Amino acid sequence: SGKKWRRRHPMFDGMMGGAALFCEGTALLMLAVYLFLGVSILCDSYLCPALDKLCDYLKMPTSLAAATLISFGSSAPEIIISAVGAQTSKTALSIPALLVSALIAFGAIPPMVVWAAGDLKLLLGNVIRDAVAYAIALVMFIIYSQGPGINALQAASLVAAFFVYLVVVFVTSPMDEEHEGGAHPVPTAKLVGVTGEDASSTASTRSNLPATDLEQSLLDQANGHSVEEYEEDSEESGPLMHALSLPFEWLFGLSIPEGPIRAFGMSIAWLCVLSYAVMRMAEGIVTCWNISKTTAGITLLAWGGQLPDALAAVSLAKSGKPDEAIIQAIASQVINVSIGLGMPIAVSDVIQGKPMVTQNRKAILLIALVVLASIVLYLASIAPASLTFCRQRSSRKEPLTGMITKMRAIVLVVAFIICYSVSIAFAEKARPVWALP
């Protein structure tokens, strides 16, 4: 009989157990992807619009707003994952996810934008500023990771680096706006329900509102997303996506208040819950599929956090704003590596009273070096064709521009695939041949 056959063949039980684990891991993966859909809806419909209204009300310069509140809204999933990972000793999942999200931003998103909008011409000032700021903070993290643990002072220096970056942004933003001929649309990947006309109308009315009634004035501005716009968004997303989104929309609509300030707080609470759930599922996938936690971090968590940004960047490019698509993708990474890494580690050190020791430190260090190499390749891909061109632009006092052509985009994609593959190899403790000295 079948039962006697299974007793005589223990391999059968092993195969059935392996198949069950694979199916369980697949189910966890699908559920985690579904939760990331909820994270995207949460950021799109509640967190980012509230932060955008705050920027409008405070009359923040466009570049400064993009580097602070708007970047936080775009980077919130990665930052919350990093915070949860630091407080629950799951840094082998959270830190690689945060690092590889930058690899995706520098190596995968620009080619996507080029293929969606054609050859891309960029003002190099802001792009280089953000890339260099990220590289400096990343080098600081690499240096700190050489020791047995990252202490509170080192973590605080990462946070301080972000504030230095803000000073640079504030100093350079007036010149940026002068070159661009005025206010520029906020370069955010997840801004929904606000058009240029809406922004101008709210800007003209908010000057007549009392400054003491911040919550009410922001609430009035947040009601600009009409039912017709919501129905159009639902039609564009398709019936299947609309059906999958309904549970999250009902839950968030029921639990998140309308006031932007209170909506921000409740959105962060929901992000913590969803991020913790996704990390627990990632741990389950690690067990079922027998992969390292670092691999789960740089695949599931990194792509889960960056895929909405990538799709939004393509959407921005198709709508005629390819430069904004690149800027928002890169600028959000600066807050990831500084606040996203520094703040949770500093808080963890203070609570525990000792430096935090990162899990799988060697693999994380090697992945950080790979990300640093990808930044160099990204800057090379946008470099002007010749020094003569640079001198000509400088002599005419015109802003320096760079071009990402389709050929350069292909080279960048190849470099990204190599860097990403090397990162996975490091995560699995299997150095590829080309990575050996």
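The values are calculated or read from the model by the stated rules, or taken from the named source; none is laboratory data. As the structure is a computational prediction, the values presented were derived from the model and not from experiment. Neighbour counts are summed over all protein chains in view; Cβ atoms, including those assigned to glycine, are modelled from backbone coordinates with ideal geometry. Surface areas here come from the heavy atoms of the whole protein model, side chains and all, with no ligands, DNA or RNA. Shrake-Rupley method; radii C 1.70, N 1.55, O 1.52, S 1.80 Å.
Restricting the first residue to the range 100-121 and requiring it to be farther than 20 Å from Thr294 by Cα, which pairs with a second residue that is crowded, with 24+ Cβ neighbours inside 10 Å and of a type in the set (D, E, K, R) meet a Cβ separation below 8 Å and a spacing of at least six or different chains?
These pairs meet every condition: Ile109/Asp309.
Which residue is modelled with the lowest pLDDT, if the candidates are limited to the range 51-62 and must be buried (at least 24 other Cβ atoms within 10 Å of the Cβ) and not acidic (Asp, Glu)? Don't jump to the end; show me each part of the working.
Step one: list which residues in the range 51-62 are buried (at least 24 other Cβ atoms within 10 Å of the Cβ), which gives 51-53.
Adding the requirement that they be not acidic (Asp, Glu) leaves 51, 53.
Numbers: Leu51: 76, Lys53: 73.
That would be Lys53.
In the range 225-270, which residue that is over 23 Å from Lys53 (Cβ atoms), within 25 Å of the chain's Cα centre (by Cα) and of a type in the set (A, V, I, L, M) is modelled with the highest pLDDT?
Looking at the filtered set, the residue picked out is Leu246.
Against the condition of a type in the set (Gly, Ala, Ser), closer than 22 Å to Gly305 by Cβ and either buried (at least 24 other Cβ atoms within 10 Å of the Cβ) or in contact (Cβ under 8 Å) with a residue 40 or more places away in the chain (or both), how does Gly85 come out, does it pass? Walk me through it before giving the result.
Numbers: of a type in the set (Gly, Ala, Ser): yes; closer than 22 Å to Gly305 by Cβ: yes; either buried (at least 24 other Cβ atoms within 10 Å of the Cβ) or in contact (Cβ under 8 Å) with a residue 40 or more places away in the chain (or both): yes.
Yes: the conditions hold for Gly85.
Can you pull out every residue in the range 141-150 that is at pLDDT 90 or above and open to solvent by 40 Å² or more (accessible area, probe 1.4 Å)?
Ile143, Tyr144
Scan the range 21-36 and report the pairs whose first residue is more than 15 Å from Met241 (Cα to Cα) and at pLDDT 90 or above and whose second residue is small (Gly, Ala, Ser) and surrounded by 15 or more Cβ atoms within 10 Å (Cβ to Cβ), with Cβ atoms within less than 6 Å and a gap of 6+ or a chain change.
Final answer for the pair search is Leu28/Gly284.
Would you mind listing the helices (runs of 4 or more DSSP H) fully within the range 359-427 where at least 1 residues are modelled with pLDDT of 90 or more?
Numbers: elements: 361-381, 387-395, 406-427.
In the range 359-427, 361-381, 406-427 are the helices (runs of 4 or more DSSP H) which contain 1 or more residues that are modelled with pLDDT of 90 or more.
Which of (1) open to solvent by 10 Å² or more (accessible area, probe 1.4 Å); (2) within 14 Å of Leu98 (Cα to Cα) does Val357 not meet, given it meets every other one?
(2)
Does His179 fit the bill of being modelled with pLDDT under 80 and under 23 Å from the mean Cα position of the chain (by Cα)? Working first, answer last.
Details: modelled with pLDDT under 80: yes; under 23 Å from the mean Cα position of the chain (by Cα): no.
Answer is no for this residue.
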